[in-house]
1. Could you pull out every one of the strands (runs of 3 or more DSSP E) wholly within region 1-55 that has 1 or more residues that are farther than 29 Å from residue 184 by Cα, of a type in the set (A, V, I, L, M) and over 31 Å from the mean Cα position of the chain (by Cα)?
2. Can you name the residue in region 80-90 that is modelled with pLDDT of 95 or more and open to solvent by less than 60 Å² (accessible area, probe 1.4 Å) and, of all such residues, is nearest to the chain's Cα centre (by Cα)?
3. Criterion first (more than 30 Å from residue 136 (Cβ to Cβ) and modelled with pLDDT of 90 or more) does residue 50 satisfy it?
4. Checking residue 131 against (1) out of contact with any Lys or Arg (no Cβ under 9 Å at 6 or more places or on another chain); (2) at pLDDT below 95, which test does it fail?
5. Would you call residue 63 surrounded by fewer than 14 Cβ atoms within 10 Å (Cβ to Cβ), out of contact with any His (no Cβ under 7 Å at 6 or more places or on another chain) and modelled with pLDDT of 85 or more?
6. Select from region 1-42 the residues that are within 30 Å of residue 83 (Cα to Cα) and of a type in the set (S, T, N, Q) and list them in ascending order.
7. Residue 98 is checked against (1) without any contact (Cβ under 8 Å) to a residue 24 or more places away in the chain; (2) buried (at least 16 other Cβ atoms within 10 Å of the Cβ); (3) more than 16 Å from residue 214 (Cα to Cα) and fails just one. What number does that condition carry?
Amino acid sequence: MLVSDPYVELRTGPGRGFPIFYVAGQGDQVTMLKRKTSWFKVRTPRGKEGWVHIDQMQHTLHLDGAPIDFGQLALGDFSKRRWEFGMGGGDFGGAASISGYLGFALTPNISLQLEGTQILGNFSDGLMANANIVMYPFPQWRLSPYFTIGTGIIKIEPQSTIVQAEDRQDEIVHAGVGANLYISDRFIWRMEYKRHTVLTSRDDNEEINQWKTGFSVFF
């Protein structure tokens, strides 16, 4: 393929955080080696190999002068992901909650996730940390359901100043369902319900419902 712009920038890795180490000029012939999401590894006539973003690659031409259609990230790219990151908010047993998670895909159908949640109640606040297993039976669907189970720790800090109350820290387990709605490029809208069981030191365990929604990116 031929460079039609005045130049294209080659980086040492597939991301804008990697430094530019070489510039291919207009009219240079480059060879595409592989693609990683929105980045292409190319080789120049001088044997330089580096990564070019799709925004610049879309201005290259076939050797006969015809434009090249590289396309953008599509729904199928989600099943090829390795990492996910997301933020969301919702309701945790009547209290507001803010959550963030980082996930690693073992296969297109199974991911491991670490999740942290801040709970903001009227009478007490809390922090929760969970390790989750998430199962996607149909990762290729635009609206893709999933199931999750996990365990973790929850710490509750009462706000009351009238009655002296101790902080509580308990183990917690959960099961839940949710769905990912693919929007475009790397972006997913995520909706989720979990049923938590707090394993307290008292006679009765505590059951808490959690609803949340938010956005995720994959790469």
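1. 20-25
2. Applying the filter and picking the extreme gives 86.
3. yes
4. For residue 131, the failing item is (2).
5. For residue 63, the condition - surrounded by fewer than 14 Cβ atoms within 10 Å (Cβ to Cβ), out of contact with any His (no Cβ under 7 Å at 6 or more places or on another chain) and modelled with pLDDT of 85 or more - is not met.
6. 12, 31, 37, 38
7. Of the numbered conditions (1) without any contact (Cβ under 8 Å) to a residue 24 or more places away in the chain; (2) buried (at least 16 other Cβ atoms within 10 Å of the Cβ); (3) more than 16 Å from residue 214 (Cα to Cα), the odd one out for residue 98 is (3).
The values are calculated or read from the model by the stated rules, or taken from the named source; none is laboratory data. Small disclaimer: the values here were computed from a predicted structure and weren't measured. Heads up, the Cβs are rebuilt from the backbone with ideal geometry, glycines too, and the neighbour counts pull from every protein chain shown. The accessibility values were calculated without ligands, DNA or RNA, using every heavy atom of the protein model including side chains. Shrake-Rupley method; radii C 1.70, N 1.55, O 1.52, S 1.80 Å.
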